[in-house]
């Protein structure tokens with residue numbers, strides 16, 4: 001697998017190893033302190049042209065490594081920048097895997113392939129891809145390249161499109177909201193009654209492992225998210241419950257909030273807090289029932305407790 005040292009990768013390796021899988025990590029540089037897992041040094045994936053030795057003997061390949069989405073990024077031709085890391089190495093790795101007789105290739109894509117928001121119907125496998133930024137476009141191009149590899153080989157490809165991932169060790173807006181709640185800072189989100197599908201890292205790992213065993217040929221896309229969406233207000237309230245405090249939420253009208261954000265040049269940031277992004281997950285297609293998945297409320301409460309215990313907020 002690639003991306004072993006990332007947020008999802010660390011959780012995946014722990015659970016996969018616990019279930020008896022032998023994981024070989026393809027890493028930028030060997031970490032001599034890691035002694036419980038085989039590592040293969042591959043350097044910068046954007047510069048790697050030959051993956052044959054790296055995938056030799058593998059039954060499956062899980063590709064998590066990527067140039068991730070960065071807010072307010074403005075450096076040059078971003079489509080080329082993202083493509084160099086997220087598209088070309090992905091297709092090269094898949095071709096090498098197919099030539100080596102790998103049976104299943106799992107690619108961690110993103111819900112950003114579908115778009116940034118939903119209006120009315122949730123995103124599903126029937127939704128037309130509509131990425132709006134270089135990161136989302138790079139993931140779609142990689143998906144299309146993988147589908148072509150699958151049609152030309154006997155290797156099947158599982159393409160996973162998760163929503164925003166959260167869990168122990170998470171950063172970004174979730175940690176910032178948790179920090180504000182912990183310090184008793186009032187948040188102007190009391191009137192936000194949107195609906196956003198998120199996915200706990202535990203559920204994502206469960207889905208990724210299930211995608212290794214799901215029966216299908218060719219390439220197939222799976223949208224992954226927790227069974228129940230929640231609002232930004234609920235997110236703050238559940239984090240507060242885990243932190244052992246109460247969230248101070250001011251009922252600022254959404255229109256006022258978005259107008260003020262645009263004046264300050266933060267319209268895109270606030271849009272993610274007030275707009276809907278709902279997904280119809282494909283757990284059933286992976287042979288998983290809701291009983292095997294963790295609930296959104298309980299995992300966010302647990303996350304708040306974890307942030308407190310670790311001193312991360």
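Quick note: the coordinates plus some simple rules give every number you see, no bench work behind them. The shown structure was predicted, so the numbers you read here are calculated from the model rather than taken from an experiment. Here Cβ is always computed from backbone atoms with ideal geometry, including for glycine, and neighbour counts include all displayed protein chains.
Quick look at the numbers
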item	result
Sequence of 270, 62 once ranked by neighbouring C-beta atoms within 10 Å, starting from the fewest	270, 62
Angle in degrees between helix 7-18 and the longest Cα principal axis of the chain, rounded to the nearest 10	60 degrees
Region 195-291, relative contact order in percent, only Cα pairs under 8 angstrom and at least six apart counted	45 percent
Where N is the number of residues in the chain, Cα Rg divided by 2.2 N^0.38 Å	1.02
Of all DSSP beta bridges in the chain, antiparallel share, percent nearest 5	5 percent
Sorted by Cβ neighbour density within 10 Å, fewest at the top, the residues 37, 108	37, 108
Exposure proxy ranking, count of Cβ atoms within 10 Å, fewest first, for 259, 105	259, 105
Region 184-230 and region 140-154: distance between their alpha carbon centers, rounded to Å	24 Å
Helical contribution to [θ] at 222 nm, DSSP H n ≥ 4, -39,500 (n - 2.57), averaged over the chain, rounded to 500	-12000 deg cm²/dmol
Ellipsoid semi-axes in whole angstrom, largest first, where each is sqrt(5λ) of the Cα gyration tensor of region 146-256	38, 15, 10
Whole-number percent relative contact order across the chain, with pairs defined as alpha carbons under 8 Å at least 6 apart	18 percent
